[in-house]
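J.: Mind having a look at this structure? Questions to follow.
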Amino acid sequence: MGSEYNTSGRSNVSAHYPIDINEFASVFIKRLQDKTTKAVSETAIGSMIINAFTSFTIGEGLEPQASPESSALGWTEEQRSTFITQAESFFRRYAGSKRIDHYGKSNFYQLQAIALRNCLVDGDSLLHRSYRSKVHEYEPYIQVLSGRWVRNPMVSAIDTKEITGGVEFDSVGREVAYYIAKTTEDRTDTLESKKVLKFNPKSGFMEYDLIRLDLRESNQVRGIPVLSPVLEDIFDLETFKAAYKAKAANQALFTGIITSEKDAPAAPVSSIDTIKKLANPTTAEEAKAIIEAGQVHDVNMGNGNIIALNPGEKWQTAESDAPAADFAQFVASELAHICAGVGDGGIAAEMVLQKYNNNYSASRATIAGQEKKFRNLRSVFAFEFCDPIWEQVIDWAIRKGYVEAPGYLEGDWMFRKSVLACTWIGPSPINIDPKKEVEAHILAINAGLETKEDAVREMYGRDYEETVERRLHEKELEQSLGLAEDLNPDTEPSDKEEEENNEQKTE
């Protein structure tokens, strides 16, 4: 995702790679955003790749797991447990409502998908965090904007060292403000921009932040769409598919050619309509009589044409062969090539198509390798987008008294960071053979290589403590109802049990 902005585009002129990575950033970013939007909106391949990234990175939304550093805070285990329960419960209720959204249309988990798709399709996403007025007791809310709305003060403005790609810098190169496109009430672009400060000078609170994922260049101002390196390949493949389909359709309109030897009688007429023009019969019966008399004969055909040539003439077809004899194989090969070039490290074509035709070991290796890439992207996204929102909401909850956090209000920023530490649980990887997956985790746990918490989070994407509490509740419920727990229905009954069962059946 992070490379030079002008990596895409083919022409007879050599590509321009500036020494300064941010040179002409605004021009190239706009082109890439428009082409990527077209690829995602109008091609199946572009849409499938973006959907796969979104689905495997965050799924239905990353879930928070509070992880306060009790050793640094001096908390007891009871204080830590109380905070975790209260914080996660409050966040789940508040973030799960649409009150957190500036527009009142989405909850936090839906906003995750919007922000991630903005980063994938437009290169970056603008996160606006703020508080409502005193009337609402400074209730937090967030706004997510596409990176395409961040641009220079005027559309035609040239990038400078102070303002590049709609981002303003101070004398040492730190981002201090963004320029957001202004629209009318009906969302018509006014071609002007509004300057907003990254930090609120009154509170010192960071309200705006431009989220960019997987930057390879530390000084890169703007992110680029994930499909940028393969845009031309996607459009080329779509062109080939369209041409291949058109050729198949044309071949369906078969044309028959009738030839005759030299000095042979004139070529017969091939339809009753032509007979009517030549013999001028007055009725269809007369035309039929002409055919039966042998003056002409009728040749019928489906879609297509029948062409009669004059004596001595021959038909020659100029036809080009298809670039690939096996259409499906060629498309699969090109799709694998495109997927390998996507973003930072690519994505497996099997993950995009959701088809695993290889054996278990090969498919499992593909999924495991890809999951590492998704985990890295998930970690960056959680740090850039989810952590700031968690900190804002829980900070507000602590100050309102909804969550107990001893020493939080008196502590410094390092103390508060330790209180608000959080990990994010994402979607579980695909399990091709659940039995083998469980056995592998059991071996790892017994060998001390991982914990049960790691296994539950990786296999099912759930919180371990909640899972244990739920299992205890289920056991208590089963015991109260007199139900026997049977977690291994495939176990063969012993000889004694089988005899008892037979005796009960006999009685």
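The values are calculated or read from the model by the stated rules, or taken from the named source; none is laboratory data. What you are looking at is a predicted structure, and each value in this text was computed from that prediction instead of being measured. Note that each Cβ is placed from the backbone with ideal geometry, even for glycine, and that neighbours are counted across all protein chains shown.
J.: Need the failing condition index for I142 against (1) over 20 Å from T54 (Cβ atoms); (2) touching a strand residue (DSSP E or B) at 6+ places or on another chain (Cβ under 8 Å), just the number.
T.: Failed condition: (1).
Condition check ((1) assigned to a strand (DSSP E or B); (2) aromatic (F, W, Y)) across all residues:
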position	(1), (2)
L145	yes, no
R148	no, no
I158	no, no
E168	yes, no
Y178	yes, yes
T190	yes, no
V196	yes, no
S203	no, no
L210	yes, no
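J.: Across the stretch 135-161, which residue is nearest to T37 (Cα to Cα) among those that are at pLDDT below 90 and hydroxyl-bearing (S, T, Y)?
T.: It comes out as S156.
J.: Of everything in the stretch 40-56, what is out of contact with any Pro (no Cβ under 8 Å at 6 or more places or on another chain) and either buried (at least 20 other Cβ atoms within 10 Å of the Cβ) or assigned to a strand (DSSP E or B) (or both)? Give them in sequence order.
T.: V40, I45, G46, I49, I50, A52, F53, listed by residue number.
J.: Among what's in the stretch 36-68 and is within 17 Å of the chain's Cα centre (by Cα) and charged (D, E, K, R), pick the residue that is nearest to G123 (Cα to Cα).
T.: Looking only at the stretch 36-68, we keep the residues that are within 17 Å of the chain's Cα centre (by Cα), and these are 36-62.
Filter once more, so that each one left must be charged (D, E, K, R): 38, 42, 60.
Working: K38: 14, E42: 19, E60: 21 Å.
Once the filter is applied, the top-ranked residue is K38.
J.: Across the stretch 366-378, what is the total count of residues that are over 16 Å from the mean Cα position of the chain (by Cα) and surrounded by 13 or more Cβ atoms within 10 Å (Cβ to Cβ)?
T.: Of the residues in that region, 2 qualify.
J.: Considering only the stretch 175-194, state which residues are at pLDDT 90 or above, more than 24 Å from L32 (Cα to Cα) and among the charged types (D, E, K, R).
T.: None - no residue of the stretch 175-194 is at pLDDT 90 or above, more than 24 Å from L32 (Cα to Cα) and among the charged types (D, E, K, R), so the list stays empty.
For every residue, the table says whether it meets (1) of a type in the set (G, A, S); (2) exposed (fewer than 14 other Cβ atoms within 10 Å of the Cβ); (3) in contact with a Gly (Cβ under 9 Å, 6 or more places away or on another chain); (4) modelled with pLDDT of 85 or more.
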residue	(1), (2), (3), (4)
K198	no, no, no, yes
Y208	no, no, no, yes
K241	no, no, no, no
N250	no, yes, no, no
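J.: I want to confirm something. Restricting to the stretch 388-423 and keeping residues that are assigned to a loop (DSSP other than H, G, I, E, B) and of a type in the set (D, E), which single residue is modelled with the highest pLDDT? Break it down into steps so the answer makes sense when it comes.
T.: At the first step, the residues of the stretch 388-423 found to be assigned to a loop (DSSP other than H, G, I, E, B) are 401-412, 420-421.
So of that shortlist, the ones also of a type in the set (D, E) come out as 404, 410, 412.
Numbers: E404: 95, E410: 91, D412: 90.
Here the answer is E404.
J.: OK, next. Checking L213 against (1) farther than 21 Å from Q110 by Cβ; (2) aliphatic (A, V, I, L, M); (3) surrounded by 13 or more Cβ atoms within 10 Å (Cβ to Cβ): exactly one of these is not met. Which one?
T.: The number of the failed condition is (1).
J.: Another question, if that's okay. What are the residues in the stretch 57-79 that are assigned to a helix (DSSP H, G or I), touching a residue at least 12 places away in the same chain (Cβ under 8 Å) and surrounded by fewer than 18 Cβ atoms within 10 Å (Cβ to Cβ), if any?
T.: A72, Q79
J.: If you go through the stretch 363-371 one residue at a time, do you hit one that is touching a Lys or Arg at 6+ places or on another chain (Cβ under 7 Å) and outside the structural domain of I114 (by TED's automatic domain parsing)?
T.: Going residue by residue through the stretch 363-371, those that are touching a Lys or Arg at 6+ places or on another chain (Cβ under 7 Å) are none.
No.
Residues are listed down the side, and each one gets a yes or a no for (1) buried (at least 16 other Cβ atoms within 10 Å of the Cβ); (2) out of contact with any helix residue (DSSP H, G or I) (no Cβ under 8 Å at 6 or more places or on another chain); (3) over 26 Å from C119 (Cα atoms):
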residue	(1), (2), (3)
N358	no, no, yes
W396	yes, yes, yes
R399	no, yes, yes
V419	yes, no, yes
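J.: Output yes when any residue across the stretch 93-112 is surrounded by fewer than 17 Cβ atoms within 10 Å (Cβ to Cβ) and more than 24 Å from the chain's Cα centre (by Cα), and no when none is.
T.: Yes, the stretch 93-112 contains at least one residue that is surrounded by fewer than 17 Cβ atoms within 10 Å (Cβ to Cβ) and more than 24 Å from the chain's Cα centre (by Cα).
Yes or no, residue by residue, for (1) at pLDDT 80 or above; (2) touching a helix residue (DSSP H, G or I) at 6+ places or on another chain (Cβ under 7 Å); (3) exposed (fewer than 14 other Cβ atoms within 10 Å of the Cβ):
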residue: I425; (1), (2), (3): yes, yes, no
residue: N431; (1), (2), (3): no, yes, no
residue: E437; (1), (2), (3): no, yes, no
residue: L443; (1), (2), (3): yes, no, yes
residue: V456; (1), (2), (3): no, yes, no
residue: M459; (1), (2), (3): no, yes, no
residue: R462; (1), (2), (3): no, yes, no
residue: L472; (1), (2), (3): yes, no, yes
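J.: Could I ask something else about it? What pairs can you find where one residue is in the stretch 98-126 and within 14 Å of G343 (Cα to Cα), the other is assigned to a loop (DSSP other than H, G, I, E, B) and among the small types (G, A, S), and their Cβ atoms are less than 6 Å apart, with a gap of 6+ or different chains?
T.: G123/G223; D124/G223
J.: Hey, among the residues in the stretch 210-239 that are among the charged types (D, E, K, R) and under 28 Å from H102 (Cα atoms), which one's modelled with the lowest pLDDT? Give the derivation first.
T.: Filtering the stretch 210-239 for residues among the charged types (D, E, K, R) gives 212, 214, 216-217, 222, 232-233, 236, 238.
Retained after the next criterion (residues that are under 28 Å from H102 (Cα atoms)): 212, 214, 222.
Working: R212: 88, D214: 67, R222: 89.
Among those residues, the one meeting the criterion is D214.
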